[in-house]
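**Student:** Mind having a look at this structure? Questions to follow.
The values are calculated or read from the model by the stated rules, or taken from the named source; none is laboratory data. Predicted model only: the values in this text are computed from it and were never measured. Methodologically, a virtual Cβ is constructed for each residue, glycine included, from the backbone with ideal geometry; neighbour enumeration extends over all protein chains shown. All accessible areas refer to the heavy atoms of the entire protein, side chains included, with ligands and DNA or RNA removed. Shrake-Rupley method; radii C 1.70, N 1.55, O 1.52, S 1.80 Å.
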Number of protein chains: 2
Amino acid sequence: MNFESNISLAVDAIVFAYANSKLQVLLIQPKSGPFQNNWALPGGFVKTNEGLKDAVRRELQEETGIQVDYLEQLYTFGDQVDRDPRTRVVSVAYFALVNPKKLVLKADTDAAKAEWFPLDELPQLAYDHNIIIKVAIDRLKSKIQYQPIGFDLLNKEFVFSELEQLYMTILGHDIDRRNFRKKVLGFGILTETGKFRSEGSGRPAKLYRFNVSKYRALESKGFHFEIK
Amino acid sequence: MNFESNISLAVDAIVFAYANSKLQVLLIQPKSGPFQNNWALPGGFVKTNEGLKDAVRRELQEETGIQVDYLEQLYTFGDQVDRDPRTRVVSVAYFALVNPKKLVLKADTDAAKAEWFPLDELPQLAYDHNIIIKVAIDRLKSKIQYQPIGFDLLNKEFVFSELEQLYMTILGHDIDRRNFRKKVLGFGILTETGKFRSEGSGRPAKLYRFNVSKYRALESKGFHFEIK
């Protein structure tokens, strides 16, 4: 029973990763449909007895083999009634962040192709997917300023300059590095692993981990992560 | 053509107003359906060729006679597949803010009843609507701290204490009034109307207006409204 209308419901996933000092987004080419040879976001129709989040996880698994850590509802795209040439489709978009371990994709999936694209080299995408990605980037930019979600994009152990570089990449501008370091270390949400990494000719850099439980404790006291 | 599934798409509206120093929410009783004698949020099914925002505006007009100023997509509720006892319904919820002029409701609408309820006197609602309202309040609380959307809830001309009281009501706690006044007036986003209002035995209070164009100008320069 479908009330009064004939609308199909889909989900789309904007999966971000961070590699080569660039933000990367996961795209696929569908095996069939009106955009068969086009790049598009992973996604598909929601099943009748399937929760929205479950549908996103299933589609990502089927089309790219990826399992996501951080997943959040972004926006529901449905003001433009002809965004799909076949029929009226409203799509609930989710954005996800994965760490670099997930960068290697499974070869055999439901999609014809699945690949990571640096954000500054995006092709023309199917449907309104370029717009959806734009909305996701804006959300990510605004979110990392008050929630430390950036850590989901790094390896479990990282040197401080990687965190800095990530913030500069996402925000799209330089940051006051001294102030950033002072602020982040001051929060006490980074744990020193006791290990070091050597790179180039500089002295070895400390390897840190994000301290989730410490962050949760601060958060419950009304702590607000503010990075500009 | 409905792909692979049988899901109905609805919209719901959480309309807030501010009266008697309380936040009020607009509820209706449907004329038919499984929750005929229950209070519920205004809303209904989206038509095949109707944008989501248009559907919300139409349902609000039909069920309550209200036209809204500020309207924003809140969240799409669709993880719980049995939230409607009839069939699978996914609902895109929007929240709206209206000024006190809109408090008087039209008598003859598509709903059996339409009434404002103070937030602390909400009845048990149909579907998952109590949860939806909870999500909307959280969004409103967080939003008024960094965007001056609170002004949409006041009359065009207001005395400063009304703005203060509104913030305390929404945040649910006292604020540092001196600091609040200093901050808000410091932004330069209030314009003195040159008029005064007398209340009780105190001296007459200045009437202000929110200066939208000044705010937009500040906003475009990266200004961030921060009220705690």
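Residues checked against (1) open to solvent by less than 60 Å² (accessible area, probe 1.4 Å); (2) among the hydrophobic types (A, V, I, L, M, F, W, C); (3) modelled with pLDDT under 90:
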position: A:LEU119; (1), (2), (3): yes, yes, no
position: A:GLN124; (1), (2), (3): no, no, no
position: A:HIS129; (1), (2), (3): yes, no, no
position: A:ILE133; (1), (2), (3): yes, yes, no
position: A:ASP138; (1), (2), (3): no, no, no
position: A:LEU153; (1), (2), (3): yes, yes, no
position: A:LEU163; (1), (2), (3): yes, yes, no
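**Student:** Given (1) farther than 26 Å from A:LEU41 by Cβ; (2) in the same structural domain as A:ARG57 (by TED's automatic domain parsing), where does A:TRP116 come up short, assuming only one miss?
**Tutor:** (1)
**Student:** If I ask for residues that are more than 14 Å from every other protein chain (Cβ to nearest Cβ), open to solvent by 10 Å² or more (accessible area, probe 1.4 Å) and either assigned to a loop (DSSP other than H, G, I, E, B) or closer than 13 Å to B:PHE95 by Cα (or both), which ones from the stretch B:17-57 would you list?
**Tutor:** Selection gives B:ASN20, B:SER21, B:GLN24, B:LYS31, B:PHE35, B:GLN36, B:ASN37, B:ASN38.
**Student:** Any idea how many residues of the stretch A:97-117 are more than 14 Å from chain B (Cβ to nearest Cβ), within 15 Å of A:ALA13 (Cβ to Cβ) and open to solvent by 70 Å² or more (accessible area, probe 1.4 Å)?
**Tutor:** Here the count works out to 1.
**Student:** So, one more: Looking at A:GLU72, A:GLU62, which one is within 21 Å of A:ILE131 (Cα to Cα), open to solvent by 10 Å² or more (accessible area, probe 1.4 Å) and more than 10 Å from chain B (Cβ to nearest Cβ)?
**Tutor:** Values: A:GLU62 fails: within 21 Å of A:ILE131 (Cα to Cα).
Exactly one residue qualifies, and that residue is A:GLU72.
**Student:** Here's something else I'd like to know. Consider only pairs whose beta carbons are under 8 Å apart and that are at least six residues apart or on different chains; among these, list those whose first residue lies in the stretch A:172-188 and is under 14 Å from A:TYR208 (Cβ atoms) and whose second residue is of a type in the set (D, E, K, R) and part of a loop (DSSP other than H, G, I, E, B).
**Tutor:** Cβ pairs passing all conditions: none.
**Student:** Let me ask something else about it. In the stretch B:80-117, how many residues are outside any loop (DSSP other than H, G, I, E, B) and either among the charged types (D, E, K, R) or closer than 26 Å to B:LEU153 by Cβ (or both)?
**Tutor:** 16
**Student:** Shifting gears a bit: Could you tell me how many of the residues in the stretch B:199-228 are at pLDDT 90 or above and either surrounded by fewer than 11 Cβ atoms within 10 Å (Cβ to Cβ) or on the phi > 0 side of the Ramachandran plot (or both)?
**Tutor:** The number of residues fulfilling the criteria is 1.
**Student:** For the stretch B:75-96, give me the residue count where each residue is aliphatic (A, V, I, L, M), at the interface with chain A (Cβ under 10 Å from one of its Cβ atoms) and open to solvent by less than 10 Å² (accessible area, probe 1.4 Å). Break it down stepwise before answering.
**Tutor:** The first filter runs over the stretch B:75-96 and keeps only residues aliphatic (A, V, I, L, M), leaving B:81, B:89-90, B:92-93, B:96.
Checking which are at the interface with chain A (Cβ under 10 Å from one of its Cβ atoms) leaves us with B:81, B:89-90, B:92-93.
Next, only the ones that are open to solvent by less than 10 Å² (accessible area, probe 1.4 Å) stay: B:89-90, B:92-93.
Here the count works out to 4.
**Student:** Considering only the stretch A:185-193, I want to know if a residue exists there that is part of a loop (DSSP other than H, G, I, E, B), open to solvent by less than 60 Å² (accessible area, probe 1.4 Å) and in contact with a helix residue (DSSP H, G or I) (Cβ under 7 Å, 6 or more places away or on another chain). Spell out how you get there, then give the answer.
**Tutor:** Let us first name the residues in the stretch A:185-193 that are part of a loop (DSSP other than H, G, I, E, B), namely A:188-189.
Narrowing the set further to residues that are open to solvent by less than 60 Å² (accessible area, probe 1.4 Å) leaves A:188-189.
When the remaining residues are screened for being in contact with a helix residue (DSSP H, G or I) (Cβ under 7 Å, 6 or more places away or on another chain), the result is A:188-189.
Yes, the conditions are met somewhere in the stretch A:185-193.
**Student:** Moving on to the next point. Go through A:VAL89, A:VAL68 for me and flag whichever is in contact (Cβ under 8 Å) with a residue 40 or more places away in the chain and within 21 Å of the chain's Cα centre (by Cα).
**Tutor:** The match here is A:VAL68.
**Student:** Just the residues that are within 23 Å of A:ASN99 (Cα to Cα) and assigned to a helix (DSSP H, G or I), please, taken from the stretch A:194-218.
**Tutor:** If the condition is that a residue be within 23 Å of A:ASN99 (Cα to Cα) and assigned to a helix (DSSP H, G or I), then A:VAL212, A:SER213, A:LYS214, A:TYR215, A:ARG216 are the ones that fit.
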